[in-house]
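Report on the structure given below.
The values are calculated or read from the model by the stated rules, or taken from the named source; none is laboratory data. These numbers were taken from a predicted model, which means no experiment stands behind them. Methodologically, a virtual Cβ is constructed for each residue, glycine included, from the backbone with ideal geometry; neighbour enumeration extends over all protein chains shown. Only protein heavy atoms, including side chains, enter the accessible area calculation; ligands, DNA and RNA are left aside. Shrake-Rupley method; radii C 1.70, N 1.55, O 1.52, S 1.80 Å.
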Amino acid sequence: MEIAAVLLAAVLAVACVAFVARPFLTEPEPVDDRLAEATPAERERVRLLEERDRALAALKELEFDHRTGKVADADYEELVGSLRRDAAAALEALDPGRSTKPETAAKVDARA
Amino acid sequence: MPELGRAALVVALGLVVYAAIAGGYAAFRGRRRLLDSATNALFASFAAAGVAALVLLSALVRHDFSLSYVAGHTSRELPLGYTLASFWSGQEGSLLLWLLVLTGMGSAAVALNRRLVRTVLPWTVPILGGIATFFAFMLVVVASPFGTQTAPADGAGMNPSLQNPYMMAHPPLLYLGYVGLTIPFAFAMAALASARTDERWIVATRRWTLASWTFLGFAILLGAKWAYEEVGWGGWYAWDPVENAALMPWLVATAFLHSVMVQEKKNMLRVWNAVLIAGAFSLSLFGTFLTRSGVINSIHSFTQSSIGAWFLGFIAVVAAGSAALILYRLPVLRTRTRLESLVSREAAFLYNNLFLVAFALTVLWGVVYPLVSEAVRGVAVTVGAPYYDFFAIAFGLPLVLLMGIGPLVAWRRASLRALGRTLLWPAGVAIVAGGVLAAAGAGSNPAGLVGYTFAAFVLAAIVLEFARGTRARHALGSETWAGAFTSLVGRNRRRYGGYIVHAAIVLLLVGAIGIGGFGTTREAKVAPGESLRVGAYTLTYLGTQQQRAANSQEIRARLAVSRGGNELGTMLAGKNRYFAEQQTSNEVAIRSDWLRAEDLFVIADQFNTDGSVFLKVLVNPLVNLIWLAGLVFVLGSLITMWPDAREQRRLARRFAEEGALARA
């Protein structure tokens, strides 16, 4: 029993070591061993994408709250303008120089 | 085969140490293969812990009493279900279960988010490895379940109070909750270590957090059900330190689940959320320390042991490390977004957070104060139910009110006029309900009456939300009413699943107030043939009966029960004397009446030689709503967690748009 336990333990240990060493065994001389690191531009892009999604989600939520009567007409009018501007600004920032303002507004409406 | 179990634990320790150190170096120096290797070590540690768990389970089933753990927690006559449950009924086994769940959940979370971990959050693996190292070290060096001895003829058996079906499910679910909080904690700290302040760690761990919170909440309720049936004092929650130990991280995690929505919607509260998740995880460790250290005297705790100091040290390291990381990253965590109005959804979430955290801290102080007093002044003090009840009411009632108001307030800002119009119906329903209840005599307990009025307000607000949402979808024209309702919930699972969870909390509140504020108790010594009246019930003591069960001798008082002249049957309340354990347990009799929503609860406290018995009888109104709340809670949580194909597509689009960051 003891010998079987020792053998099984050895098999377990060897299997684990092999599995842990696998990345080095399958790729002994990699072309690039560095972890992908985000550049400041990429981080800024992530921020803008989140900003855009947040603004669009807020617009959607406002529309729904207005339809369900949770937001009064006056409040809706006051809020919808600034949310549209936020969403448009985020879309512009993601796609600078490519879209004119009316097109961006159409995009905001379509996505919301 | 204890040698195999010991060896598997040593292998697991080596693997998680490697995952922590090599993973940390890989994350720091940006080494891809080394990080993959550390990730594989984390995966392999789950397999090694699994082998150790199988060895222990096999020893339990085979009654291998040469293992001290098996001999100390089981006996030959213990039924198989409890024999298997003894895996977690002792210190060492429960630590092994902890390691198994931690490495399993950690591996699954990393595997499901492998691209994210590789490219954005490389510190996740070393943090998970570091936490697992502590538990593996404890199992190898301090509290091994594979210690051996000369096998006795029979084992000592299991603590009788643990021989209850709920105890087979309560501890593993509790561990899933406690350990599950490691996942959002590890991802959050990894995000801080990598200076990533975007919301990807939140998206990646949202369901893990919800699942852990659900497991923890449901486990607390199962523990309460066990206490109600097994401990036999007639209540369901006694503010016992170990019960509180699970409640504290649940309260803080509840605050986190709400405030993280504000971060997602408004990019606010980033520092606060990091503090909350670190707090919830630290409190889950503190709960484990309380249960295992022997510093408190509780029916739920393990015996005195040497592991308390280790746990305390680990909690200090986790708390200090998290605090240092949060402080270090303060400049990038702070945002310029401010609260636009004190009357808005985000403001409601903030108030809810303040009450939840204040309540958690109050409970923490109640748990810690006796320990501090004894350590500093040498004076043993106890913090009793009145302290907790006071704060449960002081913080709980505003929280309930906020559960009703919050969903009715718009994000950003709402005019008081619009808010007043929205609150009109729920407030009207609440006032009518309060008036009817006061007329029915509920005013005898003012806090209870206020609680019920608030509960009616919240339920009305929830119904109104569902009704308005369904009507709005139906007004779009293409759906039937049923279709509109289904698509409303299906398209907004987090929101409407959350409302169902709120309804569960209301049910719990109604039940808790019922049993706490409107129950009836009667105690008396009765001789055979004598009767006892409690509320509308009459109990006639018919005599005692005894029988031998598999591992115990049972004695029961037979009681004929009637109500208003109608015979309702016989109840058997008594005690079990366990042979191997040499202990006696109370076996209460409970008669649940679902139509009247009340329990008749009988404790046979003392059997006298003259044939008489000392009975304690309670009528517990609405207590069944507490258990029903557990099922509704799970239903709401499942709806909230259920995968949403539209949301998945949206996220996939966004991650694809992130371009270079999504490579590898």
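Here the stretch B:1-87 is treated as a Stokes sphere of Kirkwood radius computed over C-alpha pairs; at 37 °C and 0.692 mPa s its diffusion coefficient rounds to 227 µm²/s. Taking the Cα centre of the protein assembly as shown as origin and assigning +1 to Lys and Arg Cβ atoms and -1 to Asp and Glu Cβ atoms, the resulting dipole is close to 1980 debye. As I understand it, the dipole of the stretch B:67-224 uses +1 on the Cβ of Lys and Arg and -1 on the Cβ of Asp and Glu, about the Cα centre. Which of B:LEU174, B:TYR69, B:SER144 lies farthest toward its positive end? Among B:LEU174, B:TYR69, B:SER144, the one farthest towards the positive end of the dipole of the stretch B:67-224 is B:LEU174. Take the Kirkwood radius over Cα pairs of the stretch B:591-643, plug it into Stokes-Einstein at 20 °C and 1.002 mPa s, and you get 155 µm²/s for translational diffusion. Heavy-atom surface analysis with a 1.4 Å probe gives the protein assembly as shown a carbon and sulfur content of 64 percent of its accessible area. Couplings 3J(HN,Hα) for the stretch B:22-33, derived from phi with the Karplus relation 6.51 cos²θ - 1.76 cosθ + 1.60 (θ = phi - 60°), are 5, x, x, 5, 4, 5, 5, 9, x, 9, 5, 5 Hz, where x marks Gly and Pro. Largest first, the three principal axis extents of the alpha carbons in the stretch B:501-564 are 46, 35, 19 Å in whole numbers.
Each residue of the stretch B:55-62 was assigned a 3J(HN,Hα) from its phi angle through the Karplus curve 6.51 cos²θ - 1.76 cosθ + 1.60 (θ = phi - 60°); the sequence is 5, 5, 4, 4, 5, 5, 5, 7 Hz, with glycine and proline shown as x. Shape analysis of the stretch B:227-363 based on the Cα gyration tensor places the equivalent ellipsoid semi-axes at 33, 21, 8 Å, largest first.
Computed log10 I(q)/I(0) for the protein assembly as shown at 0.10, 0.11 Å⁻¹: -1.15, -1.32, from the Debye equation with unit scatterers placed on every C-alpha and solvent omitted. Within the stretch B:526-653, the proportion of Cα pairs with more than 21 Å between them is 55 percent. A simple spin-label model places the labels of B:ARG650 and A:GLU78 2.6 nm from each other, with each point 7 Å out along Cα-to-Cβ. Only Cα pairs under 8 Å and 6+ residues apart enter the sum, and on that basis the relative contact order of chain B stands at 11 percent.
Per residue, the protein assembly as shown exposes 42 Å² of solvent-accessible protein surface, assessed with a 1.4 angstrom probe and all protein chains in place. Per-residue 3J(HN,Hα) values for the stretch B:577-586, derived from phi via the Karplus relation 6.51 cos²θ - 1.76 cosθ + 1.60 with θ = phi - 60°, read 10, 8, 5, 5, 7, 6, 9, 10, 10, 7 Hz in sequence order (x marks Gly and Pro). Between B:ALA527 and B:TRP481, what is the spin-label point distance in nm, taking each point 7 Å from the Cα along the Cα→C-beta axis? Simple spin-label model gives 6.5 nm for this pair.
Here the stretch B:382-481 is described by how far its Cα atoms reach on the three principal axes: 61, 34, 27 Å, from widest to narrowest. Measuring between their Cα centroids, the stretch B:448-503 and the stretch B:220-243 lie 32 Å from each other.
Rounded to the nearest 0.05, the FRET efficiency derived from the C-beta distance between B:ALA560 and B:ALA438 at R0 = 51 Å is 0.85.
Counting lysine pairs in the protein assembly as shown whose alpha carbons fall under 30 angstrom apart, excluding pairs fewer than 8 residues apart on the same chain, gives 18. Compared with the rule-of-thumb size 2.2 N^0.38 Å for a compact globular protein, chain B has a Cα radius of gyration ratio of 1.03. Seen from every direction in turn and averaged, the convex hull around the alpha carbons of the stretch A:15-89 projects onto 9.7 nm².
Convex hull volume of the Cα atoms of the stretch B:39-168, normalised per residue: 104 Å³. Taking amide hydrogens as placed 1.01 Å from N in the peptide plane, the amide H of B:VAL534 sits under 5 Å from those of B:LEU539, each at least 5 positions away in sequence or on another chain. Calculate the FRET efficiency for B:ALA151 and A:VAL17 from the Cβ-Cβ distance with a Förster distance of 30 Å, rounded to the nearest 0.05. For R0 = 30 Å, the calculated efficiency reads 0.30. The accessible-area loss of the stretch B:395-421 on complex formation, taken against its chain alone with a 1.4 Å probe, reaches 50 Å² or more at B:ARG412, B:ARG413.
The residue among B:GLY497, B:PHE395, B:SER415 whose Cα reaches farthest toward the positive pole of the charge dipole of the protein assembly as shown, with charges on the beta-carbon of Lys, Arg, Asp and Glu, is B:SER415.
Counted residue by residue at 0.36 nm each, then reduced by the alpha carbon distance between them, the extension gain from B:ALA323 to B:VAL271 reaches 17.7 nm. Accessible area drop of at least 40 Å² (1.4 Å probe, protein heavy atoms): which residues of the stretch B:1-21 qualify, relative to the chain alone? When all protein chains are present, B:MET1, B:GLU3, B:LEU4, B:VAL11 each give up 40 Å² or more of accessible surface.
The A-B contact accounts for roughly 4900 square angstrom of buried accessible surface, both chains included, probe 1.4 angstrom.
For n ≥ 4 DSSP H runs only, could you compute -39500 (n - 2.57) per run for chain B, divide by its residues and tell me the 222 nm figure to the nearest 500? For chain B, the value works out to -21500 deg cm²/dmol. For the stretch B:126-249, the convex hull spanned by the alpha carbon atoms encloses 139 Å³ per residue.
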